[in-house]
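Written out below as structure tokens is the structure these notes cover.
The values are calculated or read from the model by the stated rules, or taken from the named source; none is laboratory data. Quantities reported herein were computed from a predicted structural model and do not represent experimental measurements. Keep in mind that these areas ignore ligands, DNA and RNA; they rest on the heavy atoms of the full protein, side chains included. Shrake-Rupley method; radii C 1.70, N 1.55, O 1.52, S 1.80 Å.
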Amino acid sequence: MKKNYDDIIHTDWQGSRTHEHMALTLRAKIFMPFAALKGFDELLKKTEEEVRQARQRGYADDSERTCTICMTTDR
């Protein structure tokens with residue numbers, strides 16, 4: 001039984017006849033990370049710090065304090 005793509009898996013690729021090869025530096029820009037949620041990382045760090053401080057003050061759980069994320073997402 002023939003496996004999928006056996007007829008083309010070892011074929012040499014000749015490249016595109018209509019498009020030039022993209023420079024590696026330009027290709028890398030396509031895959032650069034980006035911040036889809038601008039400001040989320042800072043908000044998360046701030047909330048983590050608030051949780052840490054609340055635990056140090058002896059709160060039994062985080063529901064006893066005001067949550068920064070809850071305040072910002074309820075708007």
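Side notes on the structure shown:
- Heavy-atom accessible area ranking, 1.4 Å probe, most first, across ARG17, ARG52: ARG17, ARG52
- Rounded to the nearest 10 square angstrom, ASP41 shows an accessible area of 100 square angstrom against a 1.4 Å probe.
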